[in-house]
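The values are calculated or read from the model by the stated rules, or taken from the named source; none is laboratory data. Small disclaimer: the values here were computed from a predicted structure and weren't measured. With ideal geometry, Cβ positions are generated from the backbone for all residues, glycine too; neighbour counts draw on all protein chains shown. SASA here: full protein model, heavy atoms, side chains in, ligands and nucleic acids out. Shrake-Rupley method; radii C 1.70, N 1.55, O 1.52, S 1.80 Å.
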Amino acid sequence: MVAPALILVILVTLWPVAQSFYNSLFDYRLTDPSRSERFTQSNIDLERYATEYFYISRDLEDLSAQAPDDETAQTVNDIQTDIEAFHSELLAMDGLEEQYGEVDEMIASFTAISDRDLKYAEVDNDWAEGYKDFLTASNEELIALSEGASEENFSTTAGNVAGTLETIDSSVIESNFIGLSNYSRYLQDARMWQSLLNTFIFTIASVAVELVLGLAIAILINRVFIGRGVVRASVLIPWAIPTAVAAMMWGFLYDGQTGIVAHYFEQFGLINDASVLLSTANGGMFSVIFADVWKTTPYMALLLLAGLQTIPGSLYEAAEVDGAGKWQQFWKVTLPLLKSAILVALLFRTLDAFRVFDLIYVLTGGGPANSTESISIYAYITLFSQQNFGAGSVLSVIVFLCVALISTLFIKFIGSDLFEGRSR
């Protein structure tokens, strides 16, 4: 009976998290061609290698013929001999001679290689390390010859050959599996801890204020009065506005030059200057919390209103008969019977607030000076702006672990009575 739900949870939640954790074990970044794939073993990009190997053999022969002296010619010949030796070792590896021949034929016929298994081939780690060291040393040697040559033709050809060696070097891809090194790095990253602290401050402050205001609003609109339906609908308007739109609206309201909210905050003495709301660390954090409270307090009120409507009116009548005042009724009747609804509302809002992204991203962009940057924004910047999928996946896993920890704490230490008597 629970199998469909378990399958859905695995596919929607656990599988993406598992993929993120797997990515986090690699130095995986799209900005570096040698790190744009996840390799646990050294590999070679045969398409790029075969193309450049054809040119390097021809160019080294031309360079040797242009050498100004025998010593330089011998140096070039030695490089060519070593390259051919490494190439022979490559073809001698299991199955690589046939694969290389197929790739070479496709390149000669100007056919794009879309098959990843054909394009990449695993190679011996020691061979890859030795070849890359040799190519780096040869590249430096040719650059030195190019800069020291008096003949312009030789200098130009030597520079071109050095560039080709660099391209061949990039075609040999060493394993980018780094294990838990990314986690070790981010546990020592001051920016990560600051973004995590910002997230906790935002979550605790906004949820606490929303709980108090939401409870007050829920009690108010739970009463019977003329126009109650209109008031209920009006209260929900902020929650119905898309978060990105609300953030842009508050950005205009907080503007130090034309923002009406910033102006009245200054007039009432809440801030020293209208510009501090979006230009200082404390002002920025206050701004995003204030905007979030305005936006999501109706959601909290709606959840608590549902809980209030489950409390029988007869309990209040009995309490009034016993002489309990309104304050005593609130503490002795409303709060105890509303505890379950409060816990559910707190859990939902805490998890939602901890994952905050769009409000802060649109309103402050995480600034000024990263003072309002949440952990989700930091993960987004690392993943998509820097295209560092390995490091960004670490931050995504950290977000998941924090959310899981918050859920566990709520259920174990605060909400355990929600399930009391419901299981055997």
TODO: May I ask you to list the lysines whose Cα is less than 26 Å away from that of Lys295, ignoring any residue fewer than eight positions away on the same chain?
DONE: Lys339
Task: Accessible surface of the chain, 1.4 Å probe, proportion on carbon and sulfur as whole % - done: 59
Open item on the list: Compute the angle between helix 70-92 and the longest alpha-carbon principal axis of the chain, please, reported from 0 to 90 degrees and rounded to the nearest 10.
Closed with: 60
Open item on the list: Angle check, please: helix 152-171 long axis (alpha carbons) against the longest principal axis of the chain (alpha carbons), in degrees 0 to 90, nearest 10.
Closed with: 50
TODO: May I ask you to list the lysines whose Cα is less than 28 Å away from that of Lys132, ignoring any residue fewer than eight positions away on the same chain?
DONE: Lys119
Task: the chain: relative contact order in percent, alpha carbon pairs under 8 Å with at least 6 residues between - done: 22
Task: Scaled radius of gyration (Cα, divided by 2.2 N^0.38 Å) that the range 274-321 gives - done: 2.00
Task: Probe 1.4 Å - accessible area at His87, Å² to nearest ten - done: 20
Open item on the list: Calculate the FRET efficiency for Thr81 and Ala108 from the Cβ-Cβ distance with a Förster distance of 22 Å, rounded to the nearest 0.05.
Closed with: 0.30
Task: Space enclosed by the convex hull of the alpha-carbon atoms of the range 153-218, per residue, Å³ - done: 205
- [ ] Taking just the C-alpha trace of the range 278-366, give me its Rg and Dmax in Å.
- [x] 18.3, 56
Task: the chain - charge dipole about Cα centre, Lys and Arg +1 at Cβ, Asp and Glu -1, debye rounded to 20 - done: 5460
Task: Candidate aspartates and glutamates - alpha carbon under 14 Å from Lys332, same-chain residues fewer than 8 apart omitted - done: Glu317, Glu320, Asp322
- [ ] Could you work out how far helix 125-148 tilts from the main Cα principal axis of the chain, as a 0 to 90 degree angle to the nearest 10?
- [x] 70
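Per residue, how many Å² of accessible area does the chain show with a 1.4 Å probe? It would help to have the intermediate numbers written out before the result.
Details: 23200 Å² over 424 residues.
Per-residue value: 55 Å².
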- [ ] Kindly state, as a whole number, the per residue volume in cubic angstrom of the convex hull around the alpha carbon atoms of the chain.
- [x] 256
